[in-house]
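Written below as structure tokens is the structure these notes are about.
What follows draws every value from the coordinates through simple rules; no lab data is involved. Since this is a predicted model, take the numbers as computed values, not measurements. Cβ sites come from the backbone with ideal geometry, for glycine too, and all protein chains shown count toward neighbours.
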Amino acid sequence: MKSLTALLILITVAFNSNAQVYKLPELGYSYQDYAPYIDAKTMEIHHSKHHQAYVNNLNKAIAGTAMETQSLMDLMFYASFRSDVVRNNAGGHFNHTLFWDNLAPVVAQSEISPELSLAITEQFGALDSLKVKLNQAAISRFGSGWAWLMVTPDKKLAISTSANQDNPIMDVSKERGIPILGIDVWEHAYYLSYQNKRADYLTALWSLTNWGSVSAKYAAAIKDSLLIELEKDSWPALKDFHKVMAQTFHPSESGNLQPLRTRSTELLTKSMLLRISIPPKSLDKKELHDALSRLEKACYYINEQVNKNAKDAALTKAIAGAHDIFHEVQGLCHD
């Protein structure tokens with residue numbers, strides 16, 4: 001999967017024997033340079049304590065696992081398959097890196113690009129209207145979380161919010177897209193200066209927003225193949241089948257056929273629902289539908305063999321065949 005190149009370069013990654021170690025990104029300015037909009041102590045605690053904790057906890061959580069060699073984008077994209085520790089800390093690292101990268105003192109800010117300005121005008125009427133809507137989203141987010149300006153798979157701008165350290169890239173999010181601007185509404189982001197006055201913090205934050213940086217992220221997001229991946233991943237029936245297939249096939253590789261024997265009917269049901277579901281427009285082609293029909297037949301055969309109490313060797317061969325067809329389906333989704 002292609003990553004958000006510009007941003008992930010900033011999320012410094014060191015490699016040691018193919019193991020991925022994440023590091024706290026340096027800020028472009030000293031802590032006091034963000035004052036008076038965000039005081040130096042808040043910046044120091046937020047960056048060197050909270051963000052550093054996400055980095056430390058993420059490195060600890062993936063140490064010694066296959067996730068050490070996976071990209072941060074993959075850790076987030078498949079968040080529903082991750083532990084809460086990996087999900088929260090991968091999101092915390094990505095979200096904060098994006099947040100810092102879009103903040104700059106007034107004297108260091110660059111102007112919004114004509115392309116982003118036009119997109120904002122078309123979607124929201126004006127930049128000030130966008131700010132109002134983002135503020136409303138941020139204020140209405142109950143408890144800790146984020147408000148986002150993102151590019152959707154159809155290359156439109158949209159506003160969304162997420163709880164805790166989730167973001168629109170994650171498969172746990174209902175609204176998917178590539179975030180280009182994130183607003184942190186955890187209390188540690190503003191409490192020392194603004195206490196419970198979140199609205200005042202949001203107003204002040206616009207004075208630090210570097211629209212030149214947001215514009216660069218917009219330009220990169222529009223061209224990023226991740227948008228295609230997000231569109232494909234918004235096919236719930238495919239995801240549902242994938243989970244059951246993974247939870248039955250992988251144990252069979254090591255000789256454990258019990259999950260398949262107890263869940264063969266579920267696997268068949270998911271394959272039937274997948275076949276009759278509506279795929280994203282970009283995937284809706286005859287070859288895919290043919291493969292889905294063959295996948296359903298393979299799952300029907302597996303369930304039939306389970307009901308006949310077939311031997312492990314026969315079931316192992318049957319689930320391997322269904323798995324091969326599913327890989328074909330996945331390949332058609334990536335063509």
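A few comments on the model shown:
- Working ranking of peptides 53-63, 134-144, 83-93 by packing, defined as the average number of other Cβ atoms within 10 Å per residue, highest first, is 83-93, 53-63, 134-144.
- Contact order normalised by residue count of region 5-232, Cα under 8 Å, 6+ apart, percent: 23
- Largest first and in whole Å, the equivalent-ellipsoid semi-axes of region 138-184 read 17, 11, 8, each the square root of five times a Cα gyration tensor eigenvalue.
- Angstrom value of the Kirkwood radius, inverse mean 1/r, which spans all Cα pairs in region 235-334: 13.4
- Taking 248, 121, 269 and counting other C-beta atoms within 10 Å, the order from fewest to most: 121, 269, 248
- As a ratio to 2.2 N^0.38 Å, the alpha-carbon radius of gyration computed for region 173-225 takes the value 1.41.
- Along its three principal directions, the equivalent ellipsoid of the chain from the Cα gyration tensor extends over semi-axes of 43, 23, 16 Å, largest first.
- For region 109-228, the alpha carbon convex hull comes to 98 Å³ per residue, rounded to a whole number.
- Of 232/286; 156/285; 156/223; 239/281, pairs whose Cα-Cα distance is over 19 Å: 156/285
- Put a plus charge on the Cβ of each Lys and Arg, a minus charge on the Cβ of each Asp and Glu, and nothing anywhere else: the dipole of the chain about its Cα centre is then about 780 debye.
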